[in-house]
Structure formats: C-alpha cells, structure tokens
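K.L.:
Submitted below is the structure of interest, expressed as structure tokens.
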Amino acid sequence: MDDSIELWSSNDKQWKHLESYYVFLTMMEQGTLLTDIARITHIHKNTIHGWSNGVLPLPVLIAVEPESERVIRLSKKHPILLDKSISEEHYPKDINKLMHWIRERIPGLMKHQDFSSLADQLEKYLSLVKHIETDDVIGISELKVISNRLRISMTTARRWILKGERPLLIHLMDLSLKNKLKGKKLKTDLSIPTISDLSEVLKSLYISSHLRTHQNFDFLLNQSKDYYRYLNLMTYGYLYCDISRVMGLSERTLFDWGQGRLPLLLHMIADTPNKNLADENYWLPLSIKGRRFKDFIEVPGRINSYRDLYTVLGRLQKLLLSSEVHSVDCQNDDFMYVLGFTLADGYIAPRSNTSFSLRIGLSRNYKWSANLLRKIQGYLQTYGISTTFGYRDKVVELRTSLSPFHIWLKEAVFGLQAESSKTYDSVNMDWLLESPRDDRIAFVQGLADGDGYATSLGARPSAGISSLANSKFIKKLLNSLGVNASEYSGKVSLYTKETLRNAAGIPLFRHARSRLENLQKIMESMKCERG
C-alpha cells in the first residue's frame with residue numbers, strides 16, 4: 001500500500017469517497033437500483049456507473065492492486081518544478097509578509113478588481129509549496145492528497161508543482177513592479193515634471209494665448225493632466241487594466257504613453273527652456289519640427305525701444321552662428337528695411353494657431369521686382385529666416401517658412417493684433433522714432449520701395465508714400481529725418497523743392513530702380529530750373 005495513505009485524514013475527500021463506495025456496495029447487495037442509489041446518497045451518477053463497472057476508488061485500488069498501471073502511474077515520483085519567484089531574495093514566502101510587502105511597495109496592485117481572489121489563490125499556492133519544498137520529487141497520489149486537503153484542484157496543483165507555472169498574482173506583481181520602475185523613469189525623463197510646472201511653462205511662452213485659441217486646447221490640456229495622473233498611478237504599481245478602469249482611458253493610449261510617447265500638448269512644449277526670464281519677457285520658438293516647438297529665443301512681449309529689437313536680432317544671429325560653420329554679416333538696418341517693406345507690401349498670414357508666414361508678391365511688370373525680392377531674401381537669410389522664391393502668373397513671390405516668429409513680429413514689433421490688417425489698422429511703432437538715423441532711413445526706404453512713388457509728369461513733380469492707415473506715422477518718421485512731408489487722403493506727399501531735395505539726399509528709395517531714377521530726374525530738372 002502507498003505510504004501516503006497513512007497521511008490522509010478522515011475528512012479527506014478520498015476517505016469520504018471510500019465511505020461512499022461501501023455504502024454503494026451495501027445498497028447494491030440489497031438490490032437497490034442505481035438511480036435510487038444516486039438519489040439517496042447524492043453520489044454523482046457517473047461515479048456510480050463507474051463503480052458498477054468495476055472501477056475501484058483509489059484507496060481500495062492501492063490496497064488490492066498495488067501493481068496496477070493506475071497505481072504505478074499514481075505512485076511514480078515526478079520532479080518538482082517550482083517557480084523561483086517566491087524566495088526570500090525576491091518575494092517573501094509567508095502570505096502575511098507578502099501582503100505587507102505589496103502594501104508597502106506596490107499598493108496600486110491591491111486596487112486590482114480581482115486582487116482578493118488572487119490573494120486567496122496565492123495563499124493556497126504558498127501552503128502547497130510549504131508541504132513539498134523540502135522534496136525534489138513527488139508522486140501523483142501524494143500531490144492529490146495534499147491538494148485535496150488544501151482544496152486545490154488537481155489540475156491546478158499539477159500546473160504549479162510539476163510544470164513550474166505560478167499563480168496569476170505573482171505574474172501581476174512582476175508587471176506591477178515593472179510599471180512602478182517605468183513610471184519613475186518617465187517622470188525622471190519628463191522635462192515638465194508637474195501640472196504646476198506645465199502651467200508655468202505655458203505662461204512663459206509668447207504664443208501661449210494663440211495655443212489656447214486652438215479648438216481642442218481644453219482637450220489637450222486635460223489629456224496632459226491625465227498623463228500626470230497616469231504617471232502617479234504607475235509609480236504606485238497600478239496595472240494598465242486598472243489605470244484604464246479608474247481613469248476611463250483606453251489601454252492603447254496607456255501603452256503608447258508607456259512607450260515614451262507624450263500627449264500632444266506636452267510634446268509640443270517639451271523643449272521650452274527651463275531658465276529664468278527677464279520681466280515681461282517670454283520664450284519664442286522659431287520653428288516647429290515633428291509637431292514640437294524648437295529653437296527658442298527670449299523676446300519681450302512688446303518692443304518699447306529699438307534696443308529691444310536689437311537684442312532680439314542679436315539672439316537670432318547667435319542662434320544662427322551656433323548652427324553655422326561660417327560667420328554671417330548681419331546689419332540691423334537691413335532688417336529695418338525688411339520691416340518697412342513688410343508694412344508696405346508684405347502680408348503676414350496665419351497658417352495655424354501658432355505659425356504665421358510672411359508673403360511678399362510684386363508685379364512682374366517691374367524689371368527690378370525679382371532683384372528687390374532677392375535682396376530681401378538675402379537680408380532675411382542672414383538672420384536664419386528661410387524663404388522660398390518663385391513666379392506665379394504675373395507675380396514674383398517671396399514666402400518665408402512657417403514660424404511663430406512672424407506672430408511676434410506682427411504683434412510686438414508692429415503693435416498690431418494677430419487678426420489685424422496693416423492696410424486698415426494703424427501700427428504702434430513710436431519706438432522707431434527714437435532709433436538711430438540709419439535704421440529710420442532703412443525703414444523708410446523699405447516703405448517707399450513698396451508703396452512709394454516718384455513722378456515728374458504733370459505741372460508739379462512729386463514723390464511720396466501711399467498708406468491708408470499709417471500716413472500720420474510715416475509723416476512723423478519723415479519729419480524725424482528732416483523731410484517735411486504733407487499728409488492727406490492716405491498719402492504722404494513731397495512737393496516742395498527743399499522737401500524733394502532732402503528726400504533724394506536720404507535717398508528715399510533703395511532697390512525700386514524706376515522710382516529711384518524718376519526721383520533723380522526730378523532733381524536734375526530742378527537743377528536746370530535753378531540754372
């Protein structure tokens with residue numbers, strides 16, 4: 001007889017099975033029908049059918065047929081293959097210590113909806129391991145005895161002890177620990193660590209107000225807040241399925257975040273510098289690459305002095321030099337010329353909430369149009385502003401790449417609102433009146449090359465600049481250069497010989513060749529009259 005029978009208690013299933021078998025035999029001797037035996041004893045009909053066909057309960061079989069194939073199979077010793085996770089070096093063996101370990105290190109796992117039942121299963125596993133941990137082999141019958149006593153199904157006991165499989169909770173503990181480590185790493189790698197930091201970064205961005213006008217901004221902001229909550233849950237060891245249930249987010253979204261993909265808003269502003277700004281200054285990105293703001297410079301919220309603009313231009317040069325192997329020749333008055341021409345003939349067009357483009361189109365009827373735009377292209381490129389140049393129908397066109405810089409240019413430099421039209425809305429550029437003379441001249445030349453005129457036709461030669469919204473400002477600017485102009489009906493005109501002479505001495509035009517030649521003709525005719 002198998003020695004393991006001696007270990008069975010009277011309450012064990014096999015002994016109860018044996019007792020039922022003898023009751024079955026007694027009732028059979030009394031001539032009771034099988035269906036009645038099943039009804040009276042509550043023994044399953046399949047069991048009764050097997051007994052009636054000569055199948056013996058295991059204790060009887062071991063006693064009477066110790067050499068039978070079934071007994072040999074049940075008595076055969078099998079190697080014990082235990083999972084190595086449960087050890088003092090990894091997880092505690094004692095269930096109480098293990099629960100305390102989970103509570104202290106990965107409390108989020110305890111929020112799993114099946115945690116209680118999985119913990120009960122793990123407790124049975126630990127009890128089973130405790131019974132056989134000193135052995136290297138075990139027989140099926142012995143395993144069956146122990147598993148019955150612990151109320152563990154034989155199928156489960158086989159998987160745990162003979163196949164080395166482990167309870168689901170141990171697997172989930174591993175996942176929970178991985179999530180905790182991943183959450184900590186993601187937090188460490190995050191350039192904007194907290195929600196309050198996110199708020200501060202948004203405040204520091206010049207284009208923050210434009211970001212907030214995005215139709216999905218509230219969604220993007222809430223998504224970023226969800227991400228911070230996700231990170232916190234991860235560091236507590238929450239599983240993806242439980243984070244999904246608690247937060248109402250798809251596991252796919254959580255998986256993407258776990259792979260290092262940031263919510264869009266955080267992704268866009270992740271490279272914002274973490275440095276102190278001067279009062280009323282902001283961070284302005286110059287480019288957008290892969291939906292992320294790049295190449296930041298510090299800018300004032302508004303230009304109050306030409307020195308403010310000089311500072312920004314210097315930062316543009318420094319940024320360009322850091323990416324170029326050769327030096328660049330940057331002249332501030334060249335940029336002033338571009339500003340003047342932009343006010344005259346440029347169009348700062350929105351292409352998205354956070355990126356505008358400067359577009360200048362000139363008629364191909366003027367032979368000098370292409371050359372003029374090439375000059376402007378060169379001026380812009382010396383500050384790192386990339387452009388495209390081309391011909392379209394009867395127009396030669398220059399267009400800059402999309403950049404938040406052009407939003408700042410329109411608002412902070414020209415003093416216009418983003419949605420304003422420079423054709424109908426007056427600029428606010430009084431700071432220019434205090435700038436160096438060369439800068440004012442360059443700005444006026446840009447204006448005149450774009451919207452100026454010079455004609456010797458008619459009884460009275462004249463020159464000037466047309467502007468519906470900014471004629472008063474242009475008059476002030478010319479006056480600051482010693483050119484006393486007249487302003488009426490959207491024009492700033494020069495009629496008197498002295499005024500024309502002073503304008504020619506600047507000179508009023510730079511690259512608009514035909515206008516420059518006309519002004520020279522006017523001056524020559526004035527000399528002839530004097531002669």
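The values are calculated or read from the model by the stated rules, or taken from the named source; none is laboratory data. Quantities reported herein were computed from a predicted structural model and do not represent experimental measurements. Quick reminder, even Gly has a Cβ in these numbers, built from the backbone with ideal geometry, and neighbours come from all protein chains shown.
K.L.:
Which residue pairs have Cβ atoms closer than 9 Å, lie 6 or more positions apart in sequence or on different chains, and pair a first residue in the range 20-32 that is touching a residue at least 12 places away in the same chain (Cβ under 8 Å) with a second residue that is surrounded by fewer than 15 Cβ atoms within 10 Å (Cβ to Cβ) and charged (D, E, K, R)?
P.N.:
27/36
K.L.:
If you don't mind, there's one more thing I want to ask. Within the range 305-319, is even one residue closer than 22 Å to residue 430 by Cβ and assigned to a loop (DSSP other than H, G, I, E, B)?
P.N.:
yes
K.L.:
Just checking, how many residues over the range 422-453 are in contact (Cβ under 8 Å) with a residue 24 or more places away in the chain and either of a type in the set (Gly, Ala, Ser) or assigned to a loop (DSSP other than H, G, I, E, B) (or both)?
P.N.:
14
K.L.:
In addition: Working carefully through the options 106, 170, 146, 207, find the one that is buried (at least 17 other Cβ atoms within 10 Å of the Cβ) and over 41 Å from the mean Cα position of the chain (by Cα).
P.N.:
Values: 106 fails: over 41 Å from the mean Cα position of the chain (by Cα); 170 fails: over 41 Å from the mean Cα position of the chain (by Cα); 207 fails: over 41 Å from the mean Cα position of the chain (by Cα).
The unique qualifying residue is 146.
K.L.:
Now for a different question. Residue under question is residue 137, and the condition is that it be surrounded by fewer than 16 Cβ atoms within 10 Å (Cβ to Cβ), of a type in the set (A, V, I, L, M, F, W, C) and in contact (Cβ under 8 Å) with a residue 40 or more places away in the chain; does it hold?
P.N.:
So residue 137 fits the description; yes.
K.L.:
For the range 195-277, please list each of the helices (runs of 4 or more DSSP H) lying entirely inside it that holds at least 1 residues being closer than 27 Å to residue 101 by Cβ. Even if it seems obvious, please write down each step before you answer.
P.N.:
Details: elements: 195-204, 208-212, 217-235, 240-247, 251-258, 264-269.
Where helices (runs of 4 or more DSSP H) fall fully within the range 195-277 and carry at least 1 residues being closer than 27 Å to residue 101 by Cβ, they are 217-235, 240-247, 251-258.
K.L.:
Among the residues of the range 181-194 satisfying the criterion of being in contact (Cβ under 8 Å) with a residue 12 or more places away in the chain and either at positive phi or not in a loop (DSSP other than H, G, I, E, B) (or both), which is surrounded by the most Cβ atoms within 10 Å (Cβ to Cβ)?
P.N.:
My answer is 183.
K.L.:
Looking at the range 454-531, what strands (runs of 3 or more DSSP E) fall wholly within it and have at least 2 residues that are small (Gly, Ala, Ser) and in contact (Cβ under 8 Å) with a residue 24 or more places away in the chain?
P.N.:
Ranges flagged: 462-466.
K.L.:
Which pairs have Cβ atoms under 8 Å, sit 6 or more apart or on different chains, and link a residue in the range 340-367 that is under 15 Å from residue 449 (Cα atoms) to one that is among the hydroxyl-bearing types (Ser, Thr, Tyr) and assigned to a strand (DSSP E or B)?
P.N.:
360/347; 361/347; 364/391
K.L.:
Being closer than 18 Å to residue 486 by Cα and acidic (Asp, Glu) is the requirement here; does residue 438 meet it?
P.N.:
It is false that residue 438 is closer than 18 Å to residue 486 by Cα and acidic (Asp, Glu).
K.L.:
Answer yes if at least one residue in the range 314-327 is closer than 29 Å to residue 516 by Cα, of a type in the set (A, V, I, L, M, F, W, C) and either in the same structural domain as residue 447 (by TED's automatic domain parsing) or modelled with pLDDT under 95 (or both), and no otherwise.
P.N.:
Scanning the range 314-327, I find no residue that is closer than 29 Å to residue 516 by Cα, of a type in the set (A, V, I, L, M, F, W, C) and either in the same structural domain as residue 447 (by TED's automatic domain parsing) or modelled with pLDDT under 95 (or both), so the answer is no.
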